[in-house]
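Everything below concerns the one structure shown next.
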Amino acid sequence: MKNIKFKKSLNILVFNCGSSSLSFKIFTIKGLGDIKVCGEGKAHRVGVKGTESSFIEYKFKEGIQKDIVPVQTHREAATIILNHIKNKNINVNFAGHRFVHGGKYFKKAIFINKDTLRRLRLCLPLAPIHNPSALSVIYTSKRIFPKVRQYVTFDSAFHSTLPQVAYTYLLPKNIVQKFNYRKYGFHGLSYQYVSEKISEHMDVPLKKLNMVICHLGTGGSSVVAIKCGVSVDTSMGYSPLTGLIMSTRCGDIDPMLAIYLMVTYDYRPDALMDSLEKKSGLLGISGFSSDIRDIVKQMNIKEKKQAKLAFDMYVRRLKQYIGNYVAILGGIDVLAFTDDIGVKNSLVREKVCENMSWCGALLDKHRNKKVKFDKIEKINSAKSAVRIFSIPTDEEKIICQEGLRLLNMRK
Amino acid sequence: MILIFDSNPTQISWCKITNKNFLEGKCQLDERWTASFEKRIKDYDKIKKIAYILHHGGEYVKKPVSYLTPRTLDRLKKCAKFLPEYNELTYRIANYFIKKIPTALHMMLCDTSFFLSLPEEAVTYAVPYKLRKKGVRKYGGFGLSHYWAYRQIEPLIKTHNKRAISVYLGNNTNMCAVENRNPVEISIGFTPAEGIPSVSTPGTIDPTIIFKLHSSGMSLKEINELLSHKSGLNTLLNKKYTLKEIINNRDGIKKNAAREIYCYNIVKYIGGYISSLGGVEAIAFFCESPDDYKNFIFKICKKLAFLGVKCKANVIQKQTVSELTKRGSKIKVYCLQYNKWKVLNQYINGSLN
């Protein structure tokens, strides 16, 4: 980004709604190349029932504060956080939000007004876990900071560039139109941040790079194929259920299997859907944990055969997707791993990059093991034609930058 | 004389092989089928072997070729639950002929046995493990043909490690990865609905869609019907075409998104399978009429040029196996002339075992 200085500095508050967390960051912007975080925090275990209680962390220049408070909903979490910011007398100029699924209604970031809100409400059923909580945070922000302009960014928007060959489900036209069935794809903000950051790091324009990026999170995971900075295919589909094997989501399965299970084992549709979303994936296979760290710890124990199986399946599916995308891109320049598992789990990276020389990717095992979690690191060997990176994602920063882009457009 | 039976949901197709003559026919299984069948086959006393194709053998049928006796017929009956539309007919036919012609040798040719040796991580679905124990797994299909295809090109691969991908181009397109005669991947899953989209099937789709359709009022039977016959490439076109017509832009199909999507998916799957194999020596496409598919295969090869696939300018198919790539191509690409009955006959006479 160019170094344009502003006359006055701006503060943008960014909210990022997870399924059981709410994080926020306040960015102080003095120019387009001068963006700093002046405060951040996260509400943990929002609405989670269990022995541990929920808490909110704040990190400001004064220091770190941790409040143990019961937080049942995202609305409550947002109320507490917003009042905390208000009491600190921080001047907030704009507030940005992340919305997972914009469906056919939204293809890019947009300022919030009455009409936007109406369309956001239409999107609620598309991502029943994420969208309603994000909307409640928007309403809360409006209530507590009524004068602050708000905007919303979409995880699905980055994939609005998918070509017909990638987004089409081959179902009868009337059905596709009625339900708007197409591949939407997710983790777009993360992919946007990671692809731009890599291009900057390599000092090669995005237009000249073919990339495959693996966003491996503790909740959802996906892969994207990026050609010239534009998403051309991704592993999640109409919903975030498909694609890779995830912590508790099944990823790709035979679609007929759902029907078979309902007919043969009398599964009720909602119970089966719930099982595919919350009891499948790593948890379903291993039988004891949805956390890949637990699985790695136990997978060499003879009695825990399913742990080994879960890990092998996780890696195999990911390798296959990388292969798929290498083929449709006609070769790649960059292979990147991001988010929690992507950055912190060196064994996953090592296994995924094994026997990948057919597409020119060779991992430097030593470097791979020594990766620092807080910065972009190149981990390919010198002979590798493909650059391999481990890179922490920063969705909040992209939400902030999207806000700046919106402001720029208005001028 | 050899008789082979293949069942599908609407009818039985059969083939009579005498010396080197292949006589094909089809019949409906109505009340009078035995009479009409006897009329066409005539000399029952000359039948030495009768083979039945079993499309889905579950985890029971472990060998591609096995003998059927009144005793082992039970095993066939057990398999009916897997693919009832096919397997029940197969059972009925076998049951009839074992009693009718007890002197002949009765054989069962199983299309899924080859895939019982797939690695566990390739067959398991990431669903609760108790379902795996109940038999929910990837069974694959078309194994007899894929193994045949691999054996055709095996002698042409000169490296010690022989990794190949075989692609069947036809109405139920599917793909298989093989390493040294062992299966590594198959696109067909628990049922043939999974995998590559084809003329009337959508391939792997987001399962959420199934639930949405169901909650909007479609019955499971209707969804089953939808996924088996009413989806696929044809949904993009104004009328029903065959795969051959679609890929050759025939009959005035203008902007052919269907062909592009088909090609895209095949390239995508090939990439995924190369990744699973960790590299590949040869890719074999097989189809009933190679001349109709040749241009399409060249189109696919062009997209694989980045892996060092170099195609010949023109190939005239004269034998079963023809090579499409030049000397020095890093990956060899072959096109095989495929005839189901001839392939099955090789299993029956033992030349493929």
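Miscellaneous remarks
- The one condition in (1) farther than 28 Å from residue B:175 by Cβ; (2) touching a strand residue (DSSP E or B) at 6+ places or on another chain (Cβ under 6 Å); (3) without any contact (Cβ under 8 Å) to a residue 60 or more places away in the chain; (4) not basic (Lys, Arg) that residue A:361 fails to fulfil: (1)
- Residues within the range B:67-86 that are touching a Gly at 6+ places or on another chain (Cβ under 9 Å) and closer than 18 Å to residue B:4 by Cα, tallied: 1
- Listed by first and then second residue, the pairs with beta-carbon distance under 7 Å, at least 6 apart or on different chains, first residue in the range A:98-112 and part of a strand (DSSP E or B), second open to solvent by 30 Å² or more (accessible area, probe 1.4 Å), are A:111/A:149.
- Residues of the range A:270-284 that turn out to be hydroxyl-bearing (Ser, Thr, Tyr) and under 20 Å from the mean Cα position of the chain (by Cα), as a count: 1
- Options B:195, B:203; residue that is at the interface with chain A (Cβ under 9 Å from one of its Cβ atoms), touching a strand residue (DSSP E or B) at 6+ places or on another chain (Cβ under 7 Å), over 20 Å from residue A:268 (Cβ atoms) and open to solvent by less than 50 Å² (accessible area, probe 1.4 Å): B:195
- Flag for residue B:182 being farther than 25 Å from residue A:321 by Cα, more than 7 Å from chain A (Cβ to nearest Cβ) and open to solvent by 10 Å² or more (accessible area, probe 1.4 Å): no
- Consider the range B:8-25 and keep the residues that are closer than 17 Å to residue B:93 by Cβ and without any contact (Cβ under 8 Å) to a residue 60 or more places away in the chain. The one that is most open to solvent (accessible area, probe 1.4 Å) is B:10.
- Just one of the listed residues (A:190, A:195, A:156) is over 16 Å from residue A:334 (Cβ atoms) and either in contact with a strand residue (DSSP E or B) (Cβ under 7 Å, 6 or more places away or on another chain) or at pLDDT below 95 (or both), and it is A:156.
- Helices (runs of 4 or more DSSP H) (entirely within the range A:295-411) containing at least 3 residues that are crowded, with 19+ Cβ neighbours inside 10 Å: A:305-329, A:339-344, A:346-352, A:395-410
- Selection count where residues are under 22 Å from residue B:349 (Cα atoms), without any contact (Cβ under 8 Å) to a residue 60 or more places away in the chain and in contact with a helix residue (DSSP H, G or I) (Cβ under 8 Å, 6 or more places away or on another chain), scope the range B:71-93: 2
- Residue within the range B:246-258 that is open to solvent by less than 10 Å² (accessible area, probe 1.4 Å) and within 11 Å of chain A (Cβ to nearest Cβ) present: yes
- Within the range A:75-97, the set of residues being touching a Phe, Trp or Tyr at 6+ places or on another chain (Cβ under 9 Å), surrounded by 15 or more Cβ atoms within 10 Å (Cβ to Cβ) and in a helix (DSSP H, G or I) comprises A:75, A:78, A:81, A:82, A:84, A:85.
- Residue A:126, sole failed condition from (1) hydrophobic (A, V, I, L, M, F, W, C); (2) open to solvent by less than 20 Å² (accessible area, probe 1.4 Å); (3) within 14 Å of chain B (Cβ to nearest Cβ); (4) over 30 Å from residue B:256 (Cα atoms): (2)
- When residue B:261 is tested against (1) within 21 Å of residue A:171 (Cα to Cα); (2) open to solvent by 10 Å² or more (accessible area, probe 1.4 Å); (3) more than 19 Å from the chain's Cα centre (by Cα); (4) at pLDDT 95 or above, only condition (2) is not met.
- Identity of the residue in the range A:284-294, open to solvent by less than 50 Å² (accessible area, probe 1.4 Å) and part of a helix (DSSP H, G or I), that ends up farthest from the other protein chains (Cβ to nearest Cβ): A:292
- For the range B:283-306, a residue qualifies if it is within 14 Å of another protein chain (Cβ to nearest Cβ), open to solvent by less than 30 Å² (accessible area, probe 1.4 Å), assigned to a helix (DSSP H, G or I) and not β-branched (Val, Ile, Thr), and exactly one does: B:301.
- Residue in the range A:217-236 that is open to solvent by less than 10 Å² (accessible area, probe 1.4 Å), out of contact with any helix residue (DSSP H, G or I) (no Cβ under 6 Å at 6 or more places or on another chain) and in a strand (DSSP E or B) present: yes
- Positions within the range A:248-258 being free of Cβ contacts under 8 Å to residues at least 60 places away in the same chain and open to solvent by less than 10 Å² (accessible area, probe 1.4 Å), in sequence order: A:250, A:253, A:254, A:255, A:257, A:258
- Annotation note: of A:178, A:142, the sole residue that is free of Cβ contacts under 8 Å to residues at least 40 places away in the same chain, of a type in the set (D, E, K, R) and within 14 Å of another protein chain (Cβ to nearest Cβ) is A:178.
- Some residue of the range A:184-204 being away from chain B (no Cβ under 14 Å), over 22 Å from the mean Cα position of the chain (by Cα), closer than 29 Å to residue A:233 by Cβ and not in a helix (DSSP H, G or I): yes
- Out of B:280, B:309, sole residue that is assigned to a loop (DSSP other than H, G, I, E, B), more than 10 Å from every other protein chain (Cβ to nearest Cβ) and touching a strand residue (DSSP E or B) at 6+ places or on another chain (Cβ under 8 Å): B:309
- Condition check for residue B:153: surrounded by 19 or more Cβ atoms within 10 Å (Cβ to Cβ), away from chain A (no Cβ under 14 Å) and either polar (S, T, N, Q) or over 30 Å from residue A:245 (Cα atoms) (or both): yes
- The set of residues in the range B:220-237 that are at the interface with another protein chain (Cβ under 7 Å from one of its Cβ atoms), open to solvent by less than 30 Å² (accessible area, probe 1.4 Å) and not aliphatic (A, V, I, L, M) comprises B:231, B:232, B:235.
- Residue in the range A:252-261 that is among the aliphatic types (A, V, I, L, M), in a loop (DSSP other than H, G, I, E, B) and within 9 Å of another protein chain (Cβ to nearest Cβ) present: yes
The values are calculated or read from the model by the stated rules, or taken from the named source; none is laboratory data. What you see is a predicted model; the values in this text were computed from it and never measured. So basically every Cβ, Gly included, is an ideal-geometry build from the backbone, and we count neighbours across all protein chains shown. Surface accessibility is based on the protein's heavy atoms, side chains included, excluding ligands, DNA and RNA. Shrake-Rupley method; radii C 1.70, N 1.55, O 1.52, S 1.80 Å.
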